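Comments concern the structure below.
The values are calculated or read from the model by the stated rules, or taken from the named source; none is laboratory data. Everything quoted here is computed from the prediction, not taken from an experiment. Positions of Cβ are generated from backbone atoms using ideal geometry, with glycine treated the same way; all protein chains shown enter the neighbour counts.
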Amino acid sequence: MRLDVRYDGTDFSGWAKQPGLRTVQGLIEDALWKQPPGRRAPRSVVVAGRTDAGVHAHRQVVHVDVDPFGPGEGGRLPVDDHGIPDLERLCHRWNRILPGDVRVLGARVAPEGFDARFSALRRYYRYQVSDAPWGVDPLRRRDTLPWNRPLDVDRLNEAARELLGLNDFAAFCKPREGATTIRELQRFSWERVEEHLLVARLEADAFCHSMVRSLVGSLLMVGDGRREPDWPADLLREGVRTSTVAPAHGLALVGIDYPRDVDLAARATQARARRSLG
């Protein structure tokens, strides 16, 4: 079963379940345990992209394995011929259990071969920054970073263009044992959408741990003139880990693309293979 989820990450210790901490995964699994979508509570859910503490999601995707109801089961929820309950009513029940900062937007039976994480073609992220001299709009303080120096959009885009393509992003990722840092950055662009509000948009087949925030943090140093536009590309080539990591609250996962249903399983197999630059 596929679930589409939205959350305000401010008061969460990230997506991943951790003992004693408030996490999105923990609350979602608790709701599924209290109101199972099948004969028994699912053991765990699989997410398209883990988010760090404070990071938001407009459209997160989750999958969960479900044991369909048998004849006469399902309680007061109507069940179809395949043992699947009324998913609209089930979502309503989950959202009554969940707190207000996380919502299940919809649920559906996933096509064969679907894997929320490995079937994804690309992820979309957005980062918002205010360079107003007085800080950030109070109504945007939970999802926008205040930057106390004027930012030059042309310098930001000049630096961003040099990072596109298939590269080893070790300089912009927190290392994880056995994990590759090779990614294909398909879009990285900046736009001033209001007088003092800038938006960075990033797309990639996948992002490694802390990659988006490290890229944004490094480019902000270029945008305010403290570094030259070729500096982030130099870091990329040298593989030197940058310490300029932007705060989490300006970042949001805004979407995930998947291939046609017939290509889901093949895409999952491809994504599980360890990549190299050849």
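Going through (1) surrounded by fewer than 19 Cβ atoms within 10 Å (Cβ to Cβ); (2) in contact with a Leu (Cβ under 9 Å, 6 or more places away or on another chain) one by one, Gln60 falls short only on (1).
Filtering segment 26-57 to residues that are out of contact with any helix residue (DSSP H, G or I) (no Cβ under 9 Å at 6 or more places or on another chain), crowded, with 20+ Cβ neighbours inside 10 Å and within 18 Å of Leu253 (Cα to Cα) leaves only Ala48. Say whether the condition of being more than 28 Å from Ser119 (Cβ to Cβ) and touching a residue at least 60 places away in the same chain (Cβ under 8 Å) is met by at least one residue in segment 173-189. For segment 173-189, residues more than 28 Å from Ser119 (Cβ to Cβ) and touching a residue at least 60 places away in the same chain (Cβ under 8 Å): absent. All of Val240, Val254, Val222 fail the test of being β-branched (Val, Ile, Thr) and closer than 24 Å to Gly178 by Cα, apart from Val240.
Just one of (1) outside the structural domain of Ser44 (by TED's automatic domain parsing); (2) touching a residue at least 12 places away in the same chain (Cβ under 8 Å); (3) not basic (Lys, Arg) fails for Leu98. It is (1). From the set of residues in segment 16-73 that are in a loop (DSSP other than H, G, I, E, B) and β-branched (Val, Ile, Thr), which is nearest to the chain's Cα centre (by Cα)? Among those residues, the one meeting the criterion is Thr51.
On the given criteria, is Ala206 touching an Asp or Glu at 6+ places or on another chain (Cβ under 9 Å), in a strand (DSSP E or B) and outside the structural domain of Asp11 (by TED's automatic domain parsing)? It is false that Ala206 is touching an Asp or Glu at 6+ places or on another chain (Cβ under 9 Å), in a strand (DSSP E or B) and outside the structural domain of Asp11 (by TED's automatic domain parsing).
If the condition is being within 18 Å of Leu3 (Cα to Cα) and either acidic (Asp, Glu) or in the same structural domain as Val61 (by TED's automatic domain parsing) (or both), then segment 237-253 contributes no residue at all. Considering only segment 111-164, state which residues are in a strand (DSSP E or B) and on the phi > 0 side of the Ramachandran plot. The one that is in a strand (DSSP E or B) and on the phi > 0 side of the Ramachandran plot: Gly135.
For segment 84-106, the set of residues classified as assigned to a loop (DSSP other than H, G, I, E, B) and within 10 Å of Pro37 (Cα to Cα) consists of Ile84, Asp86, listed by residue number.
Of all residues in segment 232-278, those satisfying the criterion of being acidic (Asp, Glu), farther than 20 Å from Arg50 by Cβ and in contact (Cβ under 8 Å) with a residue 60 or more places away in the chain are Glu238, Asp261. The set of residues in segment 207-254 being polar (S, T, N, Q) and more than 21 Å from Asp154 (Cβ to Cβ) consists of Ser210, Ser214, Thr242, Ser243. Inside segment 236-278, residues that are part of a helix (DSSP H, G or I) and basic (Lys, Arg) make up a count of 3.
For segment 66-81, a tally of residues being within 13 Å of Gly38 (Cβ to Cβ) and without any contact (Cβ under 8 Å) to a residue 24 or more places away in the chain returns 5.
Is segment 6-15 home to any residue that is of a type outside the set (Ser, Thr, Tyr), buried (at least 18 other Cβ atoms within 10 Å of the Cβ) and part of a helix (DSSP H, G or I)? Yes; the residues of segment 6-15 include at least one that is of a type outside the set (Ser, Thr, Tyr), buried (at least 18 other Cβ atoms within 10 Å of the Cβ) and part of a helix (DSSP H, G or I).
Residues considered: Ala57, Ala16, Ala53, Ala48. Of these, the only one that is touching a Gly at 6+ places or on another chain (Cβ under 6 Å), aliphatic (A, V, I, L, M) and closer than 30 Å to Thr144 by Cβ is Ala53.
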